[in-house]
Every structure is written in C-alpha cells, then in structure tokens.
Amino acid sequence: DVSSPKHGKVDPDNMPHVGGNTWAGGTGGRDTAGLGGKGGPYRLDAGHKVYQVSQAEKDAVPEEVKRAAREMGEKAFKRRLKEIQMSEYDASTYERFSGAVRRQVQSLRIILDNLQ
C-alpha cells in the first residue's frame, strides 16, 4: 500500500532498485520519486531499466496520497525553478520551444553518441 510521498534515500553507488519504497530513482516502487511506480511525488530517472506497475495499481492509489504527491511535486518544481532563476512563465515558454524540437534533438544525440 501507498502511505505518503517522499523523495527517498539517494544510493551513493546508483545501484538499480526495483520495488519497495526506500530509494529515490528506483523503478516500479511506491511513495518515492522514481519511474514506473505509484504514489511518488515526481518522476526521477536514475538511468536504469524501468519496471512498470499496472495501471490498475496506479488507479488504486487513494486520492489524498495523489493530492499530497502533486503538492510535493509542485513544490519541488518551484524550488528547482528558483535555483535556476526561471519564472513559471520562462519554464512554460522553454517547454513550448523545447517540445517542438524534442524528437530532432533526441535523434541528433543518438547520431553524436554513435559517432563518439
């Protein structure tokens, strides 16, 4: 069961963590920032293979946990914007322009990685 969203512990060795509710950047778990899980406050990619919980499990997260996760994610987003000296308007403008060329940038990254 999910209880309350949190960032989670940071693994100094960046080992892959699947399931549970301890590690930030894990996959398929609950309550912590990561990918493929449920009840976490925001997505956090630590670069590992993603294990996805079912949509039914995600839908079963209580509304108060979803609300708390959204609030925590929003606070983290605003804190990050402040750190990089961006306004919410700047962020939405950046996202609009970035989103328009996202596929092309990804393709270019793949080409450059292969050339290296």
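For the chain, the fraction of 1.4 Å probe accessible surface lying on carbon and sulfur atoms is 53 percent. Pairs of Lys residues in the chain, spaced 8 or more positions apart or belonging to different chains, with C-alpha separations under 13 angstrom: 6 in total. Under the simplified labelling scheme, the TYR89-ASP59 pair shows an inter-label distance of 4.1 nm, with each label point 7 Å from Cα along Cα→Cβ. Here's the picture: charge each Lys and Arg Cβ at +1 and each Asp and Glu Cβ at -1 in the chain, and of GLY73, GLN104, ALA46 the one pushed furthest to the positive end of that dipole is GLN104.
Would you please give the FRET efficiency between ARG80 and ILE110, computed as 1/(1 + (r/R0)^6) with r the Cβ-Cβ distance and R0 = 35 Å, to the nearest 0.05? Display every interim value, and only then the final one.
Working: r = 27 Å, r/R0 = 0.76.
The value I calculate is 0.85.
Both the radius of gyration and Dmax for the chain are 16.3, 49 Å, in that order, over alpha-carbon atoms. Round to the nearest 0.05 the FRET efficiency obtained for PHE97 and VAL50 when R0 = 35 Å and r is the Cβ-Cβ distance. Efficiency at R0 = 35 Å is approximately 0.80.
The values are calculated or read from the model by the stated rules, or taken from the named source; none is laboratory data. Everything quoted here is computed from the prediction, not taken from an experiment. Here the Cβ is made from the backbone with ideal geometry for all residues, glycine too, and neighbour counts use every protein chain on show. The area values use the complete protein model at the heavy-atom level, side chains included, leaving out ligands, DNA and RNA. Shrake-Rupley method; radii C 1.70, N 1.55, O 1.52, S 1.80 Å.
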